Each structure stands twice: as structure tokens, then as C-alpha cells.
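A.B. asks: Mind having a look at this structure? Questions to follow.
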Amino acid sequence: MAILIRGGSVVNHDFTRRADVLVANGTIAAVGQKLDAPAGAEVIDAGGCYVMPGGIDPHTHLEFLFMGQVSADDFEWGTKAALSGGTTMIVDFCIPNPGTSMLAAYQDWRRKAEKAASDYGFHMAVTWWDKQVFDEMETVVKTYGVNTFKHFMAYKGALMVNDDELYHSFSRCAQLGAMPLVHAENGDVVFRMQEDFMNRGVTGPEGHAYSRPPEVEGEATNRAIMVADMVGSPLYVVHTSCRQAQEAIARARAAGKRVYGEPLIQHLVLDEDEYRHKEWDYAARRVMSPPFRPKAHQESLWTGLVSGALQVVATDHCSFTTKQKRIGLGDFRNIPNGTGGLEDRMPVLWSAGVNTGRLTKEEFVAVTSANIARILNVYPRKGAVAVGSDADLVVWDPKATKTISAKSQVSRIDYNVFEGYRCTGLPRATLSRGRVAFLDGDLRAKAGDGQYVARDPFPAAQVASTTYKELNRPRGVERVEVTP
Ligand code: URP
Ligand code: ZN
Ligand code: ZN
């Protein structure tokens, strides 16, 4: 059925104009003034509203077995929460255990995602290295439509990879036209600092933050940037949380390196004081890696977004219930790491970013949707209000208000780290590939409505970097030919 969104202002990352939007067969059929509604079309009144590309959250962990617990929001409830907050596509991480197959992990995640209510894609994690991984990476890119590989530089003894593995994997990414992603924290140092704090009797959630200071993130971010540059690969740094990491990325970009940075909505508005709360549950619910930072780091992240050094705001949605968090009573190292945010990312960013004048509404579209669509090579199918694009749209009411509360959320956990946050600016309607998924508080999306979005590899020209050229050109070598 056709849908006409009438009377709003279309906001893309590069312009805003008054226009109606006609949707038919899952895509945008027309954008223009005074469009006629075809017979039988549903009409959504967007008077006083903005019509924007649906949000894309490139960093989620739904139904993820991590630190002995399975995250509580699965693909059904995670994507329903997303749609309620204006996000129409998520990108989750397939994470094979070290020593196991990427291909099996991909099948496992496809099975879990069958109940997704919104569209979704995947990144693949590289958690170990040998010929099998080298070979399977090609299948992942060419057959499965995954053009991004994640590397954990932390979680020693579990998912962490060392510099040798980073070097091999980044090189392989460059060969395949794929992009490496990093969780940038120095896992060896974190491991040692965790022991030190435990030995000194710091066993509560505040020990989590103390043992992961900004320096471990800054160091790892710099290291990953240099390794990527030496093999001629771009780099995407997930959950950039502190000044040291933001500055490393800004420096790299100023030097011509193709490096991207992704702050989370949590790090933009919540700070380290949360871990000093007198109630253990309250503080433990906020344990994630990297941890919330001292407040001064938030200004650096906002600066990064405004200056273009950081391009994407994500959530790293990995939600554990209070009961699951309590596994870590007496030893903060066992508190499952992760928080939620899928439902709240767009309203909180609008409130803290656009309403304060830090971001324009076009920049809001850029950092919630268009930039990541381009980085992941799915633009303009996703990330644009344009004829031919998927009809993933959010009708945004900039005057609507709500106070965030776990009591009224879609997410399946029993708390919300943004509890009490007053939002002005909310979705009135969310459309997912031309279907109304959410309208005036009514969640209509069903499990299984979502589709898998495959992504093509990047063209070779996009993966060149400055140092790589300098290193290799004089010797006439086109590319470091990595072997398994
Ligand atoms: O604490 C977090 N971020 N949990 C999810 C796993 C990860 O590191 O992204
Ligand atoms: Zn991470
Ligand atoms: Zn994550």
C-alpha cells in the first residue's frame, strides 16, 4: 500500500526543504511539493514535523553470549526498541569464539536475526588468526555481504587479538576491500590494573572505571591507526569515549589517514560519577567498556562530532538485566559489560545536540544515519530521503516531549541508564521499508518484518593511505601481500 507523508520538511544530511514524500512498494517514489495521494493510500500528517532518513545504529549486540550471560534484548525486542526510537536499521556483530569458524558464526547470527523487526546487517569479528580465518574472510566479504571486520584489543584471554593478528587481519581487509573496526583499549594493561585494584580491595563497579583509564584507550587507538596506515587500510574506531582517542583520530585525519570514530550516546551525556553511586545495582547497571568518563571528555566528543573528526553516534546496545549484573557482586571483573540505548539514541541526541545548538538538524541526520550509510557502502539505499531509496523514514516532532523511564520502554531490561532524562524531540512515526512500524506511540512492527542488508566491498582506491604509499612506492611494491 502507498503512503503519503504530507506537509513536513524533508531533512537530509545536506539540505532541508518543505516537501511531501510518497512511498510505494517499500521505496521512496516521489519527493516534492503538493503530491497527490494515490487511491487507497494512507496519509500521515507531518505538519510541524521533519521527515528524515531512519536512524542506523551500527553497533549492537543482541542475544549475545558475553561474559557468561546472554544479553537480554534479542533481535525482536532490540529492533522493536530501535523502531520506537526512530532507528530503522541496526548492524550487529557476528563473534566467533577463538578457534572457531566465521562461517558458522554468520549462520548462527542469521538464525538469531530471523525475528528482527527492522532491517539489519552484520560486522564479523576476527578473534584469532590462521589460514582458516584468512580463507573464510573472503567468503564473508564476497558471499555474505559483510564488508567490515571487528577486532577487540581488550578482553584478554577471551576475544582479544594481539598486534601480530591485527597486522595480518588489517592487511587481509585491505586486500579484500573491507574495513577493519577496533575496540581500542590496551587489554594487557587493563588486565594488570584490574588485578591491582582487586588486590587493593576495590571490588565494586567503580573499580571497572579505575582500571580502564582514558590512557589505555588513547594508546590503543593510536596503535590501531598506525598499524592500519602501515598496511594501507582505512580504520573505524568503535565507541570512542575520551579526549585521548578523539585527538588521535583527529590527528590521523589531519594527516590524510582515512580513520573514522564513533562516540556512543551514553558517553556523550553520562559520566564517571555514575559508578560512585551508593547503590551497587545502580552503578553495576552502567558498567560497560570503555566506561563512562570524567565529564571533561564529553566536550571533546562533541567537538569531534562538530568538527567532523567523529562521524557516527551509536549505542553499543548490549543490555543485561540487574540479575545478570549481580554475577559480579564482590568482583567487578565479572559484571557483564554492556548497557542499552537503542530506543533512546535519537531522542537523547536531538535533545542534547540539536536543542542545545551543538548540532544542526542536518548534522543530526549525518551522524545518526547518512554518514554510517556511506561508511558501510549502503548509501543512498539507506541514509537518504531520495527517490529510489528504501522507505526507511522517521517523522520527527521537534516539540514532542517525554521523560525516559524503564517503566514505559520497549527494551526487555528492568532499568534504563537514561532514567529521568527529559527529551524534547521524538519520532511521531517510523517507516521501515515502506511499512508503518511505529505511529503515535503504537508499535506496529512484527517479529520477522526485517530483512538482511548485504553490503558490497569498497573500491580499491578507498583503501590507500598516506604512510602506506610512502612506505611502498619507492620500492615499487603495490601492496604488502599478506599470507595466512
Ligand atoms: O561493554 C560493552 N561495550 N559490551 C559489549 C561488547 C563491546 O565491547 O562492545
Ligand atoms: Zn567494544
Ligand atoms: Zn560493542
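The values are calculated or read from the model by the stated rules, or taken from the named source; none is laboratory data. Small disclaimer: the values here were computed from a predicted structure and weren't measured. Cβ placement follows ideal geometry from the backbone for every residue including glycine, while neighbour counts extend to all protein chains displayed.
A.B. asks: Within the stretch 311-341, can you find the residues that are outside any helix (DSSP H, G or I) and away from ligand 2 (no atom under 16 Å from the Cβ)?
C.D. replies: Those that are outside any helix (DSSP H, G or I) and away from ligand 2 (no atom under 16 Å from the Cβ): Gln311, Thr321, Leu329, Gly330, Asp331.
Matching residues to (1) of a type outside the set (A, V, I, L, M); (2) touching a helix residue (DSSP H, G or I) at 6+ places or on another chain (Cβ under 8 Å); (3) closer than 18 Å to Leu393 by Cα:
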| position | (1), (2), (3) |
| --- | --- |
| Asp36 | yes, no, no |
| Ile56 | no, yes, yes |
| Leu65 | no, no, no |
| Ser71 | yes, no, no |
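A.B. asks: Among the residues in the stretch 380-390, are any within 19 Å of His59 (Cα to Cα), of a type in the set (Asp, Glu), buried (at least 20 other Cβ atoms within 10 Å of the Cβ) and at pLDDT 95 or above?
C.D. replies: The answer is no; no qualifying residue exists.
A.B. asks: Kindly indicate whether any position in the stretch 133-154 is over 21 Å from the mean Cα position of the chain (by Cα), of a type outside the set (A, V, I, L, M, F, W, C), crowded, with 24+ Cβ neighbours inside 10 Å and under 20 Å from Val259 (Cα atoms).
C.D. replies: No, that holds for no residue.
A.B. asks: Could you please find all residues in the stretch 283-318 being over 17 Å from the mean Cα position of the chain (by Cα) and within 16 Å of ligand 3 (Cβ to nearest atom)?
C.D. replies: Of everything in the stretch 283-318, those that are over 17 Å from the mean Cα position of the chain (by Cα) and within 16 Å of ligand 3 (Cβ to nearest atom) turn out to be Arg286, Val287.
A.B. asks: Something else now. Within the stretch 279-293, can you find the residues that are in contact with a Cys (Cβ under 9 Å, 6 or more places away or on another chain) and either over 12 Å from Gln266 (Cβ atoms) or away from ligand 1 (no atom under 11 Å from the Cβ) (or both)?
C.D. replies: Across the stretch 279-293, the qualifying residue is only Arg293.
A.B. asks: Can you name every residue in the stretch 222-234 that is outside any loop (DSSP other than H, G, I, E, B) and away from ligand 3 (no atom under 16 Å from the Cβ)?
C.D. replies: Across the stretch 222-234, the qualifying residues are Asn222, Arg223, Ile225, Met226, Val227, Ala228, Asp229, Met230, Val231.
Rundown of residues vs (1) free of Cβ contacts under 8 Å to residues at least 60 places away in the same chain; (2) assigned to a loop (DSSP other than H, G, I, E, B), yes/no style:
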{"site": "Arg374", "(1), (2)": "yes, no"}
{"site": "Ala384", "(1), (2)": "no, yes"}
{"site": "Trp396", "(1), (2)": "no, no"}
{"site": "Thr401", "(1), (2)": "yes, no"}
{"site": "Ile413", "(1), (2)": "no, yes"}
{"site": "Val417", "(1), (2)": "no, yes"}
{"site": "Gly425", "(1), (2)": "no, no"}
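A.B. asks: Consider only pairs whose beta carbons are under 7 Å apart and that are at least six residues apart or on different chains; among these, list those whose first residue lies in the stretch 181-193 and is closer than 16 Å to Tyr236 by Cβ and within 15 Å of ligand 2 (Cβ to nearest atom) and whose second residue is among the hydroxyl-bearing types (Ser, Thr, Tyr) and outside any helix (DSSP H, G or I).
C.D. replies: Leu181/Thr148; Leu181/Tyr236; Glu185/Ser289
A.B. asks: Taking the residues in the stretch 175-221 that are charged (D, E, K, R) and in a loop (DSSP other than H, G, I, E, B) as candidates, determine which candidate is farthest from Ala248 (Cα to Cα).
C.D. replies: In this case the residue turns out to be Arg200.
A.B. asks: Let me ask something else about it. Going residue by residue through the stretch 319-333, is there one that turns out to be touching a residue at least 12 places away in the same chain (Cβ under 8 Å), within 21 Å of the chain's Cα centre (by Cα) and within 16 Å of ligand 3 (Cβ to nearest atom)?
C.D. replies: yes
A.B. asks: Please find, within the stretch 353-364, the residue that is farthest from ligand 2 (Cβ to nearest atom) out of those that are farther than 24 Å from Lys80 by Cβ and under 18 Å from the mean Cα position of the chain (by Cα).
C.D. replies: Here the answer is Glu363.
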